[in-house]
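Report on the structure given below.
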Amino acid sequence: MTLTADFCDFAADVSLSDLSPEAHAAAVSTLGNALALMVGAGEQPAVDSTVGALAALRGPDAVPLLGRTDSLPAQWAALVHGFAGHLEDFDDTHPASIVHPGPPVVAAALSAAARSGATGSELLTAVAAGVEVALRVGVALTPDALARGWHMTGVSTGIGAAIAAGRLLRLPAKRLHDAVGIASTQAAGLLEALGTMAKPLHPGKAAANGFEAAVLAGNGLDGPAEPIAGRRGLLALHAGQTDGAAAARDGLGKRWEIEDNEIKPYACGVVSHALIEVATEAARQLAGPPRSVRLTVNPFVLVAMGRTDPVDQLEAKFSATHCFAVGYRYGQAGPPEFADEVVNDASVIDLRRRCVLVPDDSVPRYGVRAEITGDDGTVWRAERDHPPVLDADGVRRKATALTEPVLGERAAKFVELAFRPGDWPVDTLLRAGVAEKPAS
Amino acid sequence: MVTYSASRNTLQALAAAIPSLELPAEAHAETLRTISNVVHTAVGASAHPIIDGVVRAHRTPEPDGALVAVLGRPERLDQYAAALAVATAAHLDDYDDTHLATVIHPGAACLGAGLAVGQAQQASGAEFVHAFALGVEVQLRLGLALTDKHYDAGWHITGTCGVTGAAVTAGLLAGLREDELATALALAISQTVGHREGFGSAVKPINAGKAAANGVLSVLLARGGFTAPASALDGPNGFFAVLSSASEPDIALADLGERWHLLDNTYKPYPCGIVSHPAIDAAVELHPELAGRRVVSGTLRCHPLVPELTGNPDPVNGLQARFSTVHGVATGLLDGTVGLPQYADERAVAPEVATLRRAIALAPDDDCRRDEATLTVTLDDGATCEAHVTHARGSLARPLTDEELADKGLRLVSPMLGERAPALAEAVRDLPNSPDLTTVLATAHPEPTS
């Protein structure tokens, strides 16, 4: 059996009762968190730009856009939802692979579920299957694809999106296999894009490509036998090895990678989350702005988040020093702390400039060694090896905070649906998550 | 939006230079040959089940003014889907064009993107030809800069570089500003397509189709205010660094506007992988010498890429037969001609063809050039015959003549267009003087309008 065939058999057969309790809880959090992010970002200017750019495109059906008052053809709704869900860098992270699986897989699944009239629990099952496959593709590509410069989310999630969409469109196993082949050849996205709109385009495009691959396969287009682990396939080209296939297959259906998917507490790259936690703590310990801040971090932090003078929201997401500065100044790092006004606030700029990042291989990728000198010369030190994580209640509180500004008092009902997938049609969820049209 | 301050910025240099480049007469003439060739391959394959599937997947129930014509099809689709369908069709039969140094088939992606955006922008024929030429030129330059390490690793370079060409063609026709054109190119680099694992399945032509469609999408997003990395080509995690182990970025800009790589484009005389072509030439050459005698065994001395790329000994359908050099040799020996009928599903599984395929052995030889082959066969009366092809038909040393190209085009579209077939080549020839693209599209329409 090929790895692709194993993935397709798993995805076609799995049911919710097969998931471990932890995997089930992780799937619910991954789905609910992604949906809330899509609603929360709906009115962002970057999402306006994307929807406007796609206005010339047509398709067989229209899917309402979460957090907005308009709709787009299913493939392009998938792009916008995947883009919006990742835009704030506030989604989720599978630490071992650095894949952010939620928005692209959920976006493709939403469009497919809308088309096929699937229920909330069918949506959840498809998302669990698609995320599990995406994460296992990510594991197979690790560490080589990242080291070569690929954006792990871009290259891993199109296949998961095709799996989720294909299952919801009720493709037979052979067609699901073809869909994976059509999605796999489109794995794309370079790390060079970090800090620009091209980065959230990667999960947006993975969602659209995965959905389209499922639809094309359903219309008779075929693919190769082993698009993932074949000699000229995904692993060979993006990672330069196919040995990762063994890890990707290990315990499939019994051990769940999705259990490790972590919902982000802060709206930026996960490698700076420990810095923010430390900054928040330091601000409580020291009176007033610090004299100097020395942050010893894994060298990857400088590669991914080394921007020192960000000028706007998206650049600030990739500035570890900005993350520290807002953590210190505001005690939090949600979407508001990355708004352009905050990025260009004089006191924040001043704080950023007091920070020095020192690369050190001995510090774990998600950790930090901080040495903060207060105004009076007091030195405060902290060490973290892991990023802080949200528990299930924290994820729901985050979802409420994200959706209330857009949905108002309707937010409670949307969050309830998003986190308790049931026998209702997905259309109910979509209608609950659109913004109200302004009275004309 | 993002400034990039390395010493070299290939992306911005290309975006700044391209719009005003003028085509010399020779480059203009070769561009028209490239366009004519892919227009005919696209129309010839436009009714294939794969294209039916693409169109069904993207069909719109209520047509409106946002839709454009799809070359060779009765339906109208949006710009993205039209680009996807046309470019997929253009490459589908593996009968299009090849830039031999890079193995890029450059025409398909630029045709799909150019016809779609050209219609939406009501571009003139001359604007289309100019935009098409520059799209071809840019993707060839980027492909050359990646060096042969890129294709050798397993990338389908027609997709990975085609998307940049499609973005240039579409961007010029959309009238993008210089900064928007740079953004569109950078967004295209975020959407590269193409693993060679898909060869022998619908994924191969879809790689070309998605290159075109993603190029169109890149232009729509760039015009919509997207930001993208200015360092997309040259950055430490950019195109040159990530997509090849041995890029030579300076090639991309070397002698831009003076040296035209599009002049090196060649056109396929046979609808299959180009490495099979010298072998098929040899088989066709031997056909008359057989004089009814049966071939009992044969040996093909060939370039080592033949077993690597087209080594399938026993294809079960027409698509797989395109990746079987011994199939091309067998049908060449049996039929004396190799065209689309030799790659029909029925011919791929015909017992006499299968038997002869099994009798031909591949003898790869490092000293054999890519466009060279020697075929030696033993006949049932004990006689042996040999044909040596120094340069394959359609190679740079032996390019197809205008007459051969016209003949190829006619054979491709006659089953679709009947007596209207010759008018298609004329419509392409008239493009430089056409106010828009409607004559080409109307001529290729399967149901003639009065």
(request) Of the conditions (1) within 14 Å of another protein chain (Cβ to nearest Cβ); (2) of a type outside the set (Phe, Trp, Tyr); (3) within 25 Å of residue A:238 (Cβ to Cβ), residue B:318 clears all except one; give me its number. (result) (3)
(request) Determine whether the range B:93-103 contains at least one residue that is assigned to a helix (DSSP H, G or I) and either modelled with pLDDT of 95 or more or out of contact with any helix residue (DSSP H, G or I) (no Cβ under 6 Å at 6 or more places or on another chain) (or both). (result) no
(request) Scan (1) in a helix (DSSP H, G or I); (2) on the phi < 0 side of the Ramachandran plot; (3) within 27 Å of the chain's Cα centre (by Cα) for the single condition residue A:408 breaks and write down its number. (result) (2)
(request) Go through B:328, B:339, B:318 for me and flag whichever is surrounded by 15 or more Cβ atoms within 10 Å (Cβ to Cβ) and modelled with pLDDT of 95 or more. (result) B:328
(request) Would you confirm whether any residue within the range B:324-331 is within 23 Å of the chain's Cα centre (by Cα), within 13 Å of residue B:273 (Cα to Cα), of a type outside the set (Phe, Trp, Tyr) and not in a helix (DSSP H, G or I)? (result) yes
(request) With respect to residue A:170, determine if the residue is more than 16 Å from residue A:131 (Cβ to Cβ) and not in a helix (DSSP H, G or I). (result) yes
(request) Any chance you could count how many residues in the range A:22-68 are away from every other protein chain (no Cβ under 14 Å) and either crowded, with 22+ Cβ neighbours inside 10 Å or under 18 Å from residue A:127 (Cα atoms) (or both)? (result) 26
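Residue by residue, here is whether (1) over 19 Å from residue B:443 (Cβ atoms); (2) without any contact (Cβ under 8 Å) to a residue 60 or more places away in the chain holds:
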| site | (1), (2) |
| --- | --- |
| B:58 | yes, yes |
| B:62 | yes, yes |
| B:104 | yes, yes |
| B:108 | yes, no |
| B:116 | no, no |
| B:125 | no, no |
| B:139 | yes, yes |
(message) Among the residues that make up the range A:43-50, is at least one of them assigned to a loop (DSSP other than H, G, I, E, B) and either under 24 Å from residue A:170 (Cβ atoms) or in contact with a Leu (Cβ under 8 Å, 6 or more places away or on another chain) (or both)?
(response) yes
(request) Filter the range B:61-83 down to residues that are modelled with pLDDT of 95 or more, more than 9 Å from chain A (Cβ to nearest Cβ) and over 14 Å from residue B:43 (Cα atoms), then give me how many there are. (result) 2
(request) Could you identify the single residue in B:291, B:241, B:246, B:252 that is farther than 16 Å from residue B:388 by Cα, modelled with pLDDT under 95 and of a type outside the set (Phe, Trp, Tyr)? (result) B:291
(request) Could you tell me which residue of the range A:103-162 is nearest to the other protein chains (Cβ to nearest Cβ), considering only residues that are surrounded by 24 or more Cβ atoms within 10 Å (Cβ to Cβ) and not in a helix (DSSP H, G or I)? (result) A:150
(request) Of the numbered conditions (1) under 16 Å from residue B:269 (Cβ atoms); (2) out of contact with any strand residue (DSSP E or B) (no Cβ under 7 Å at 6 or more places or on another chain), residue B:405 fails exactly one; give the number of that condition. (result) (2)
(request) Within the range B:220-232, track down each residue that is within 7 Å of another protein chain (Cβ to nearest Cβ) and either free of Cβ contacts under 8 Å to residues at least 24 places away in the same chain or not in a helix (DSSP H, G or I) (or both). (result) B:224, B:225, B:226, B:227, B:228, B:229, B:231, B:232
(message) Name the residue that is farthest from residue B:174 (Cα to Cα), counting only residues in the range B:199-219 that are out of contact with any His (no Cβ under 7 Å at 6 or more places or on another chain) and either facing chain A (nearest Cβ under 7 Å) or surrounded by fewer than 24 Cβ atoms within 10 Å (Cβ to Cβ) (or both).
(response) B:200
(message) As an exercise: evaluate residue B:356 against (1) among the aliphatic types (A, V, I, L, M); (2) modelled with pLDDT of 95 or more; (3) under 24 Å from the mean Cα position of the chain (by Cα) and give the number of the one condition it does not meet.
(response) (3)
(request) Collect the residues in the range A:257-269 that are at pLDDT 95 or above and either outside any loop (DSSP other than H, G, I, E, B) or under 20 Å from residue A:358 (Cα atoms) (or both), keeping them in residue-number order. (result) A:257, A:258, A:259, A:260, A:262, A:263
(request) Could you tell me which residue of the range A:207-229 is surrounded by the fewest Cβ atoms within 10 Å (Cβ to Cβ), considering only residues that are more than 8 Å from chain B (Cβ to nearest Cβ) and part of a loop (DSSP other than H, G, I, E, B)? (result) A:225
(message) If I filter the range B:108-132 down to residues being assigned to a loop (DSSP other than H, G, I, E, B) and not hydrophobic (A, V, I, L, M, F, W, C), which single residue comes out as nearest to the other protein chains (Cβ to nearest Cβ)?
(response) B:121
(request) State whether the residues of the range A:256-269 include one that is touching a Cys at 6+ places or on another chain (Cβ under 9 Å), farther than 20 Å from residue A:155 by Cβ and either of a type in the set (Phe, Trp, Tyr) or surrounded by 21 or more Cβ atoms within 10 Å (Cβ to Cβ) (or both). (result) yes
(request) Looking at (1) touching a Pro at 6+ places or on another chain (Cβ under 8 Å); (2) away from chain A (no Cβ under 14 Å); (3) assigned to a loop (DSSP other than H, G, I, E, B), find the lone condition where residue B:272 falls short. (result) (1)
(request) Would you check which residues across the range A:193-206 are farther than 17 Å from residue A:141 by Cβ, within 7 Å of chain B (Cβ to nearest Cβ), touching a Gly at 6+ places or on another chain (Cβ under 9 Å) and not aliphatic (A, V, I, L, M) and list them? (result) A:205
(request) Take residue B:217 and decide whether it is over 16 Å from the mean Cα position of the chain (by Cα), part of a helix (DSSP H, G or I) and outside the structural domain of residue B:365 (by TED's automatic domain parsing). (result) yes
(message) Checking residue A:182 against (1) outside any loop (DSSP other than H, G, I, E, B); (2) at the interface with another protein chain (Cβ under 7 Å from one of its Cβ atoms); (3) surrounded by fewer than 24 Cβ atoms within 10 Å (Cβ to Cβ): exactly one of these is not met. Which one?
(response) (3)
(message) If I ask for residues that are among the charged types (D, E, K, R) and more than 7 Å from chain A (Cβ to nearest Cβ), which ones from the range B:46-60 would you list?
(response) B:52
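The values are calculated or read from the model by the stated rules, or taken from the named source; none is laboratory data. Keep in mind that this is a model prediction, so the values were computed, not measured. So basically every Cβ, Gly included, is an ideal-geometry build from the backbone, and we count neighbours across all protein chains shown.
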